[in-house]
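**Q** Once you've had a glance at the structure underneath, I'll fire off some questions.
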Amino acid sequence: MTGRRALAAIPARYGSTRFPGKPVIPILGRPMIAHVVERALEAGCFAEVLVATDDERIAAAARDAGAQAVMTGEASSGTDRVALAVRELPGDVIINIQGDEPALPPGNLRLITELLLARPDVPMATLALAGSHADLANPNVVKVVCDLDGRALYFSRAGIPFQRQAAPGLIRRHVGIYGFQREVLLRFATLPEVALERAEGLEQLRALAHGIAIHVLDVFETSVGVDVPSDIALAEAALLRLRPREHRP
């Protein structure tokens with residue numbers, strides 16, 4: 001849709017319980033947040049890329065990588081932090097990008113952004129890819145089930161859908177990127193947390209509980225999230241596969 005602008009917003013906080021300082025840990029010799037910024041810039045679909053953070057060390061690394069750094073206060077979730085950061089910035093579509101996936105395929109960002117720019121009637125969108133039976137038993141893998149029009153019915157760390165009868169193709173892994181129409185994001189940030197959100201530890205359940213439809217797009221590539229220090233080697237290997245010539249020592 002002509003004239004509409006998309007912003008990429010990367011929430012990043014320093015005080016992670018499991019991995020303090022995670023956004024600035026070295027990945028192939030550079031802060032992890034710098035790689036995430038570069039993936040967003042490579043997507044080529046954003047009027048601006050910004051990092052929403054509570055720490056000047058993260059802000060400095062973001063600026064060095066070419067992003068605008070926006071300092072925020074406390075926030076109960078990454079999406080709430082993004083809403084604080086973009087409140088005064090012009091933008092019709094806001095893409096909330098996880099700050100711990102340095103090898104995120106830029107094509108995934110283009111897919112979700114292009115949908116929301118072209119379809120102002122789609123309030124919110126996210127991504128998913130084909131899952132496996134092993135994913136059903138893994139609470140670290142978030143699963144999603146959808147209606148016939150591709151809207152999310154539920155997200156869970158539990159094994160959904162239950163396979164009473166074999167049903168190939170129904171297991172879908174959620175890819176944690178969220179896109180919003182601007183007014184929907186700002187509304188989301190005013191909504192109270194719900195019991196399902198707290199129980200599962202999944203902020204997108206707040207949107208579903210309050211009647212915000214989430215469109216789910218299929219992708220074929222995913223990335224490696226860095227949750228604990230042992231994930232660093234996996235993320236570096238994924239980054240080398242994504243950009244072999246530039247990043248190989």
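Read-outs throughout are calculated quantities, based only on the coordinates presented, and are distinct from any laboratory measurement. Everything quoted here is computed from the prediction, not taken from an experiment. Backbone-built Cβ (ideal geometry, glycine too); neighbour counts: all protein chains shown.
**Q** Find out how many positive minus negative residues lie around T17, taking Lys and Arg as positive, Asp and Glu as negative, among other residues whose Cβ is under 14 Å from that of T17.
**A** Computed value for this residue: +1.
**Q** Per DSSP H run of at least 4 residues, take -39500 (n - 2.57); add these up for the chain, divide by its residues and hand me the 222 nm value, nearest 500 deg cm²/dmol.
**A** Dividing the helical sum by the residues of the chain leaves -9000 deg cm²/dmol.
**Q** Estimate the FRET efficiency between S132 and R110 by the formula 1/(1 + (r/R0)^6), using the beta-carbon distance for r and 25 Å for R0, to the nearest 0.05.
**A** Efficiency, rounded to the nearest 0.05: 0.45.
**Q** So, one more: At a 10 angstrom cut-off on C-beta neighbours, averaged per residue, how do the peptides 207-216, 68-77 rank from highest to lowest?
**A** 207-216, 68-77
**Q** Once Lys and Arg get +1 and Asp and Glu get -1 on their Cβ, which of A207, A62, G150 lies farthest toward the positive end of the dipole of the stretch 6-247?
**A** About the Cα centre, the residue reaching furthest to the positive side is G150.
**Q** How high is the FRET efficiency between E42 and L153 when r is their beta carbon distance and R₀ equals 35 Å, given to the nearest 0.05?
**A** The value I calculate is 0.60.
**Q** Here's something else I'd like to know. Going by the alpha-carbon gyration tensor, a ≥ b ≥ c the square roots of its eigenvalues, is the chain rounded (a/c under 1.5) or, if a/c is not under 1.5, prolate (a/b greater than b/c) versus oblate?
**A** Cα axes put the chain in the rounded bin.
**Q** Let me ask something else. Taking 8 Å as the Cα distance limit and 6 or more residues as the minimum spacing, I'd like the relative contact order of the chain as a percentage.
**A** Result for the chain is 21 percent.
**Q** Please list, in order, the residues from the stretch 121-154 whose amide nitrogen is less than 14 Å from a point placed 7 Å along the Cα→Cβ vector of A199.
**A** 154
**Q** Let me ask something additional. To the nearest 20 debye, what is the magnitude of the charge dipole of the chain about its Cα centre, counting +1 on the Cβ of each Lys and Arg and -1 on the Cβ of each Asp and Glu?
**A** 320
**Q** Among R57, R164, R173, determine the one that fluctuates most according to a GNM of the chain built with springs between C-alpha atoms less than 10 Å apart.
**A** So, out of R57, R164, R173, the one fluctuating most is R164.
**Q** 7 Å from Cα along Cα→Cβ at both T190 and R164: what's the point-to-point distance in nm?
**A** 4.2
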